[in-house]
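One structure below.
What follows is calculated from the coordinates using simple rules that are stated; it is not laboratory data. All values reported here derive from a predicted model rather than from experimental measurement. Neighbour counts are summed over all protein chains in view; Cβ atoms, including those assigned to glycine, are modelled from backbone coordinates with ideal geometry.
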Amino acid sequence: MKYIFLISLFNLLFFFADAQSSPKRMDFETYEPNSTLVVPQHIVTHAKFPFFDVHNHQWDVPNQDLTELFSEMDKLNMAVMNNLSGKSYKQSPGRNGGV
């Protein structure tokens, strides 16, 4: 029992001495581990179920050709899009109220 205590004490002292002599600090910015995950790749390009896009910006909708937009929505299986483009088109045409 006495020897186990001495060995544990020695290991503990060695650990603290080593930690103080060589400051090994890893910042968040330098932490870049190599991934070891190996799985089959499957890129999803189309939603399984129709979905609702809750945040989108479509500027100049009155002047825009919507057939291309609807085609892209159909490719993604997007059912509804919420357009959060900002101010009224009649008061301030263009993007972010620019002329």
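Of note:
- Pair N82, T45: separation of 7 Å Cα→Cβ label points (nm): 2.9
- Karplus-derived HN-Hα couplings along the stretch 56-62 (A = 6.51, B = -1.76, C = 1.60, θ = phi - 60°), whole Hz, x at Gly and Pro: 8, 10, 10, 7, 6, 4, x
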